[in-house]
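Below is one structure, written out as C-alpha cells, with a few remarks after it.
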Amino acid sequence: MPSRPAVAAAFLAGVLVLAAKAPDALRTPQFWAEDGVVFFVPQHASSVPLLFEPHAGYLHFLPRLTAWAASGFSAVHAPLIYNLAALLFGAAALASLRQLDRLGLGFALALAPVLLAPTNGEVWGTITNVQWLMQFYLVSMLARLFQGGGEDFAPVPRAAAAFAVGLTGPFSIFAVLSASVGLLWLRWRAGPLQRVRSAGVSLEWTVLGLCAALQALLIVTTANTDTPPVAFSLDVALGLVKSVQVHVFGAQWMPVLLFPIALLALLAFVLRRSTAPQQAIVVATALFSVSQMVAVAHSRTDQFQQVASFGFGDRYYFLFKMAFWWLVAVAMVRAAPPRSHLPAIVLFVALGCNALAMPNAFQRQPLRDLHWADYARRIDAGEALDVPINPVSWQIHVPAEH
C-alpha cells in the first residue's frame, strides 16, 4: 500500500512539471482550439451535461466533465477552470508513473523525459489534449497488472479512474489489446505461480475493457467513409519511420533505418536482463506506445511530409517518445551496478543536452492574450457574438440566450 506522503509528493512533482511546461496556462488562461469549439460552446448552450457526447468518433469524458463543471460559473473563469483541470488531471497521471518502479525505474527517471524531452508544446496546458497525458495512467495499469503488489488497494477509486481515463480518448483500446499480448507473453515466460497471480482480471481492467469496447464501437460506427484510403508506399513508410526519430529528438540525428535497429537492440537487452513479469510490462508498454502511434500516424499518411516535421502532430508521438527514454533508462539501470546513481546522471545529462540544443522545445510558447474576459462578460449577458481563440484563425460562435 503506497504511503500518503509519497503519493502527495509525486502529485506535487507532477503539478510542478506541468506548470513549468506551460507557465502561461494559469497566468493568462486562454482557450485552445477544441476547448472552445467542441467543449465550451455546446455545453454553454445545453442545460444538461454532455458527458457522453462523442467527437471525432470517440468520447472525451474528462474534457466534457470539465466543461460541465465550468458551466456553473461565469464564462470569465472558463479558460482558467479548463486549464486548471488539465493541470490536475495531468499531474495525477504523472504521479501514477511511480508504478514503473516495478521495472527498477525510479520516479525521478520516469519523470525526467516528461520534463526535458523536446515537444512542440501542444499537449501542455489544455484540456483538449489532456487525453495524451492520460496514457500515463494506462501505462501504470499495465505495470500493476503484470507485477503484483497492491492490486487490491482502493479497487473502487481505481475502477473509477479507469472509467474516466478509458472514456477519454481512444487509447483504452490499445491498452487492452497490449495487455492481452502481455498476458500471453507472461503465460509463455513465467512459471505456474506467476501465471496464477497475474492472470486474474481486476475490477479496473474489467471497467477499462468495457470502455475500450464502447470507444471501438463508436469509432467503427462513426467512421468517415467519404475519404478514400491513402496508398501506402515505400516513401510514405520511410517518411513515417523518419518522423519517429524527428519527434523523439526534435531532429534527425542518425540514418533513418539505424534508429529502429538501435531501438530493437535496446529492447532485446532489457528483455534479457528482466524477470518474466518485467518482460511483460516492457512488451505491453512497447506495443501500446507503438500501436497507438502507428494507428494515428497512418491516418495522416496523406500528410506524411508534414508529420515528419517536428512542429506538426507531435502529440501523436508523445507516448512513444516517453517510452523510448524510459527504455534507455531501464537499459542503463540493468547495465549499472546495484544502487548506482550513474543511470540517473547519464539520463539527465543526455536529456539536458537535448533540451539545450532545442531551447524553444522545452516549454509551450505563450498563447496570444485575446482578452477573453471582455467577451465573456458579454456572453454572460446573453449576447450572441463571435470570439477569437487560439490558435490563429480559430474562433467560436456563441449564440444568444433567450
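If you take every residue apart from residue 103 with its C-beta less than 11 Å away from the C-beta of residue 103, what net charge results, scoring Lys and Arg +1 and Asp and Glu -1?
+2
Using alpha carbons only, how many angstrom separate the centre of the stretch 107-149 from the centre of the stretch 230-297?
Between the Cα centres of the stretch 107-149 and the stretch 230-297 lies a distance of 17 Å.
Once amide H atoms are placed 1.01 Å from N in the peptide plane, what residues at a sequence separation of 5 or more from residue 394, or on another chain, have their amide H within under 5 Å of its amide H?
389
Mind listing P(r) for the chain? All alpha-carbon pairs, 20 Å bins, whole percents.
For the chain, the pair-distance distribution reads 26, 59, 15, 0.
Can you list residues from other chains, or at least 5 along the same chain, whose modelled amide H is less than 5 Å from the amide H of residue 385?
Under 5 Å from the amide H of residue 385 lie the amide H atoms of 398, each far enough along the sequence or on another chain.
So what's the net charge close to residue 381: Lys and Arg +1, Asp and Glu -1, counting the other residues with Cβ under 14 Å from its Cβ? Walk me through the intermediate numbers first.
On the way: positive: 377, 378; negative: 374, 380, 383, 401.
With Lys, Arg at +1 and Asp, Glu at -1, the net is -2.
Checking understanding here: applying a Kyte-Doolittle mean of at least -0.5 and a length along the axis of at least 30 Å (C-alpha), which whole DSSP H helices in the chain pass? Before the final figure, lay out each step's value.
Working: long enough: 276-298 (32 Å, 1.18).
Membrane-span-like by this criterion, though nothing is claimed about a membrane: 276-298.
Quick check: Cα centre of the stretch 1-78 to Cα centre of the stretch 362-387, how many Å?
First find each Cα centre; the distance between them is then 16 Å.
Nearest 20 debye, what's the magnitude of the dipole of the chain about its Cα centre given +1 on Lys and Arg Cβ and -1 on Asp and Glu Cβ?
Numbers: 24 positive and 19 negative charges, 366 e Å.
Rounded to the nearest 20 debye, it is 1760 debye.
Does the stretch 268-402 come out rounded, prolate or oblate, given a ≥ b ≥ c as the square roots of the eigenvalues of its C-alpha gyration tensor, rounded meaning a/c under 1.5 and, failing that, prolate meaning a/b above b/c? All intermediate terms of the calculation are to be shown ahead of the outcome.
On the way: a/c = 2.77, a/b = 2.26, b/c = 1.23.
It comes out prolate by the Cα gyration axes.
Considering the convex hull of the alpha carbon atoms of the stretch 18-89, report its projected area averaged over all viewing directions, in nm², one decimal.
Numbers: hull surface 19.1 nm².
Approximately 4.8 nm², given one-decimal rounding.
Every read-out reported here was derived from the displayed coordinates using simple, explicitly stated rules and does not represent laboratory data. Since the structure is predicted, the reported quantities are computational estimates derived from the model, not experimental observations. For neighbour counting, all protein chains shown are included, and Cβ atoms are generated from backbone atoms with ideal geometry for every residue, glycine included.
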